[in-house]
Amino acid sequence: MNKVFGRYIISLISFSMALFSVAASANTLDKIKDEGTVTIGVANEVPYGYTTADGEPAGEAPSIAVHILNELGVDDVNVVVTEFGSLIPGLRAGRFDVIAAGMYITPKRCEQILFSNPTYSIGEGFLVKNGNPEGLNGYGDIKNKSVKLGVMSGAVEYGYARDFGIDMSKVVTLPDYPSGVAALKSGRIDALAGTSLTMASLGQKDDRVELAQPFEDLMIKGEAIKGYGGFGFRPADTALRDAFNEEIGSFVDTKDHIAMIEPYGFGKHTSPGGMTAKELCQ
């Protein structure tokens, strides 16, 4: 009798938790629709997600997020700026409702949060001093030379360097890209790693640094490394994630979408194709 009762209690608890999860998944979507306001998190990384001088959201991800949220009837979009490595903890802690930072969808991150389907895909690049004095045109050069590579805290490039087989004593972790540019110019690092779009954008803003060209495509275990970025949500917010996915499916790669993202360097060449978050999370 005790075993039967115990099983009943366990079943009841499991059922209650399932009901709570279903209810919670709708809470944020219903809440932002009812209140007409939402908060998104960005890492001030041009051109993915940042704020303008007057605090308005800008970049590929925030622009699409504002469009989607407006379509969902949410017109007041607030922005919280934080370090990239603090985006997931900040989301889970409730500091904001959506990560709109062009964050790469990776299996490890999928263990912590939900992701929408991707809105872009892109490869890697290095920022170097003008003239690329050390001749750093790929991860192989970092591995084979006595140089230092800068990576942003929480970004995928740290893992790329490790998995490529680079001695991790050569890798310098920095809090953000402005700090990386400063470290590069001061000689603390010899190259700064990131997506080619970010590195090109940083190079355009400072006449002492430039995008390393040409750049050898990053290959790890025989596979070309290409990042796919999407929006992040708390694990319980399946309804909000699904609403974003529905809008992404009808908007991404349309003329209006391309016109929206071209000013940030994106376009048809960064289309995610038919890739899904489910595939990327595996």
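The values are calculated or read from the model by the stated rules, or taken from the named source; none is laboratory data. Since the model is a prediction, treat every value here as computed from it, not as a measurement. FYI the Cβ positions are ideal-geometry reconstructions off the backbone, even for glycines, and counts take in every protein chain you see. Note: areas computed on protein heavy atoms with side chains; ligands, DNA, RNA excluded. Shrake-Rupley method; radii C 1.70, N 1.55, O 1.52, S 1.80 Å.
Antiparallel beta bridges, as assigned by DSSP with both residues in the chain, represent about 60 percent of the total such bridges. Under a 5 Å amide H cut-off, with hydrogens placed 1.01 Å from N, ILE220 pairs with ILE225 among residues at least 5 apart or on other chains. Once neighbouring chains are kept in place and the probe is 1.4 Å, which whole percent of the accessible area of the range 175-282 is contributed by carbon and sulfur? Of all accessible area on the range 175-282, carbon and sulfur atoms account for 48 percent. Length gained on full extension, ARG92 to GLN204, computed as 0.36 nm times the residue gap minus the Cα-Cα distance: 36.9 nm. Per-residue accessible area (protein heavy atoms, 1.4 Å probe) orders PHE96, PHE164 as PHE164, PHE96, starting from the largest.
For the cross-link pairs LYS108/LYS221; LYS145/LYS205; LYS108/LYS185, the ones whose C-alpha atoms lie over 24 Å apart are LYS145/LYS205; LYS108/LYS185. For the range 246-259, putting each phi into the Karplus relation 6.51 cos²θ - 1.76 cosθ + 1.60 with θ = phi - 60° gives couplings of 5, 5, 4, x, 9, 10, 4, 6, 7, 4, 5, 5, 4, 5 Hz, in residue order, rounded to whole numbers and with x for Gly and Pro. Which one, (i) 34, 19, 17; (ii) 48, 22, 19; (iii) 37, 23, 17, gives semi-axes √(5λ) of the Cα gyration tensor in Å as derived from the coordinates shown? Derived directly from the coordinates: (iii). Between ILE258 and GLN213, the simple spin-label model (points 7 angstrom out along Cα→Cβ) gives 2.2 nm. Rolling a 1.4 Å probe across the protein heavy atoms gives the chain an accessible surface of 48 Å² per residue. Please identify which residues in the range 226-246 have an amide N closer than 18 Å to a label point set 7 Å out from the Cα of THR39, following the Cα→Cβ vector. Correct set: 232-237. When HIS257, HIS67 are compared by accessible area of protein heavy atoms, the largest-first order is HIS67, HIS257, using a 1.4 Å probe. Each residue of the range 276-281 was assigned a 3J(HN,Hα) from its phi angle through the Karplus curve 6.51 cos²θ - 1.76 cosθ + 1.60 (θ = phi - 60°); the sequence is 10, 5, 4, 5, 5, 6 Hz, with glycine and proline shown as x. Go ahead and estimate [θ] at 222 nm for the chain from helices alone: -39,500 (n - 2.57) per DSSP H run with n ≥ 4, summed, over the residue count, rounded to 500. The helix-only estimate for the chain comes to -12500 deg cm²/dmol at 222 nm. Considering only alpha-carbon pairs that sit under 8 angstrom and 6 or more positions apart, the relative contact order computed for the chain is 26 percent. Scanning residues 5 or more positions from ALA101 or on other chains, those with amide H under 5 Å from its amide H are GLY232, with H placed 1.01 Å from N in the peptide plane. Here the relative contact order of the range 124-223, from alpha carbon pairs under 8 Å that lie six or more residues apart, stands at 44 percent.
From a point 7 Å beyond the Cα of HIS67 in the direction of its Cβ, which residues of the range 82-104 have a backbone N at a distance under 18 Å? Inside the label zone: 99-103. Summary of the geometry: the range 184-199 and the range 115-149, compared by the centres of their Cα atoms, lie 8 Å apart. Compute the Cα gyration tensor for the range 124-223, then decide on rounded, prolate or oblate, letting a ≥ b ≥ c be the square roots of its eigenvalues: rounded whenever a/c is under 1.5, prolate when a/b is larger than b/c in the other cases, and oblate in all that remain. Rounded is the answer for the range 124-223, as its axis ratio a/c remains below 1.5. In order along the range 148-153, the Karplus-derived 3J(HN,Hα) couplings, from 6.51 cos²θ - 1.76 cosθ + 1.60 at θ = phi - 60°, round to 10, 10, x, 10, 7, 4 Hz, and Gly and Pro are given as x.
With a simple spin-label model that places each label point 7 Å from the Cα along the Cα-to-Cβ direction, the separation between MET275 and SER169 comes to 3.5 nm. Give the carbon-plus-sulfur fraction of the accessible surface of the range 49-122 in %, rounded to a whole number; probe 1.4 Å, heavy atoms of protein chains only. Result for the range 49-122: 42 percent of the exposed heavy-atom area is carbon or sulfur. Kindly identify the range 126-167 as rounded, prolate or oblate by the Cα gyration tensor criterion: order the square roots of the eigenvalues as a ≥ b ≥ c, call it rounded if a/c is under 1.5, otherwise compare a/b with b/c, prolate if a/b is larger, else oblate. Oblate shape, in that a/c is at least 1.5 and b/c is the bigger or equal ratio.
Spatially, the range 30-108 and the range 208-269 are offset by 15 Å when compared through their Cα centroids. Between THR276 and any residue 5 or more places off or on another chain, the built amide H atoms are never under 5 Å apart. FRET efficiency for LYS108 and ASP54, Cβ-Cβ distance as r, R0 = 51 Å, nearest 0.05? The computed FRET efficiency comes out at 0.90.
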